[in-house]
1. Within region 188-226, whose backbone N sits under 11 Å from a point 7 Å along Cα→Cβ of ALA335?
2. For region 1-122, with equal point scatterers placed on the C-alpha atoms only and solvent neglected, what are the log10 I(q)/I(0) values from the Debye formula at q = 0.11, 0.23 1/Å, to two decimals?
3. From the P(r) of region 180-303, could you give the percentage of C-alpha pairs in the tail past 27 Å?
4. List the trypsin sites (Lys or Arg not before Pro) within region 12-79 that fall in a DSSP loop (any state other than H, G, I, E or B) and whose Cβ has at most 15 other Cβ atoms within 10 Å.
5. Take the Cα radius of gyration of the chain and divide it by 2.2 N^0.38 Å, with N its residue count; two decimals is plenty.
6. So what's the net charge close to SER50: Lys and Arg +1, Asp and Glu -1, counting the other residues with Cβ under 11 Å from its Cβ?
7. Send over a whole-number figure in Å² for the accessible area per residue of the chain, probe 1.4 Å.
8. Along each of its three principal axes, how wide is the spread of alpha-carbon positions in region 59-201, in whole angstrom units, largest first?
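The values are calculated or read from the model by the stated rules, or taken from the named source; none is laboratory data. Quantities reported herein were computed from a predicted structural model and do not represent experimental measurements. All Cβ positions, glycine included, derive from the backbone under ideal geometry; neighbour counts span all protein chains shown. Side chains included, ligands, DNA and RNA excluded: accessible areas come from the protein's heavy atoms. Shrake-Rupley method; radii C 1.70, N 1.55, O 1.52, S 1.80 Å.
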Amino acid sequence: MKNSIKIIQPDDWHVHFREGEMLNVVTKYSSRVNRRCIAMPNTSTPITNSIEAINYKNLIQKNSGKNNFEALIPCYLTDNLDIDDFEYALHNNIFIGGKLYPNNATTNSQYGVNDIKKIYNIFEILEKQNKTLLIHGELNRSDIDIFDREKYFIDEELYQIRKSFKDLKIVLEHVSSDYGVDFVKTNINIAGTITPHHMLLTKEDVFKDEEINPHHYCMPVVKNEKDLTSLRNAACFNNSKFFLGTDSAPHHVVDKKQNDSLKAGIFSSSNSIELYASIFEEENALENLEKFSSINGPKFYNLDVNDQYLILDKEDKIVPEYTEEGNIKIKNFYANKKIHWKVAQLEV
Ligand SMILES: [Zn+2]
């Protein structure tokens, strides 16, 4: 059994940094082990132009306190983007791509797109510039069961996007179902990010005895054992098309993450790589962790692989219940449970 592993420094391809004091607190957790993070643009005022993107990127980098930490920003796609600015920002690598939120699919997605066909011109621009379309792949309609939203999105929208823009690079974010895994595996130019929580929880952990555990509630909602197994297999064994994206999404525990105002989102960045390492170890696949955490992502985004290494030591640790600082109090994912790896150091 291994007591220590050394991997190329990871990146997190899907994180929510939020704003204000929350941003100050969570940035240091994401920059703790990662060299780069894709910072999701669904802030209270979504990031839709080059100036907002530069400001947000600089703000996160400043708060990380690290010279080489980099926040990568996708544009929040809407039906009324300034197309010239969008093209300019893609061309100058201010935007890494575009993020599609179907309307009302998750936190602050009320600015999202109602009719996806109406932004096909934007997909065309992304395709031409060889930039990536990142997708929150859920169709939120009253006749669709919450557990089937990913499947319906794939059937009714993604299939058509894939067919219409064959060279467009797509990331299906936080893949949550066996159906989603299968779509990524069987189509070209598409990859998927996988969160730790979708590989650790099933719906019984969220909805039990007619009560909702608000700290396990996220979008897309976690699903069945079959889906969890499929995600684990995709990450651990089939993994050239899948990479690390925590979707770490903090909410303040006192006023927001309670039953009467249920907010979707799980905060995992304080223990992200440790959780992934524990999962890969359970699957006897530790030798594949580095591909998932540090190689597949940059390859898909046409970026260099990082040149530093991260060493993890085998050491049990109980995850504390909260991340607390100043006025911020966030419930940690996996609170009070044991994880088996600890970050030892970063080295060149
Ligand atoms: Zn997210």
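1. Within reach of a label on ALA335, which here means backbone N under 11 Å from a point 7 Å along Cα→Cβ, region 188-226 contributes 214-216.
2. Values, matching the q order: -0.40, -1.32.
3. Numbers: 1570 of 7626 pairs.
Above the 27 Å cut-off, region 180-303 has 21 percent of its Cα pairs.
4. Details: sites: ARG18, LYS28, ARG32, ARG35, ARG36, LYS57, LYS62, LYS66; in loops: ARG18, ARG35, LYS66.
Qualifying residues, ordered by number: LYS66.
5. Output field value: 0.92.
6. So the environment of SER50 carries a net charge of -4.
7. Numbers: 14470 Å² over 348 residues.
Ligands and nucleic acids excluded, the figure is 42 Å² per residue.
8. 43, 36, 30
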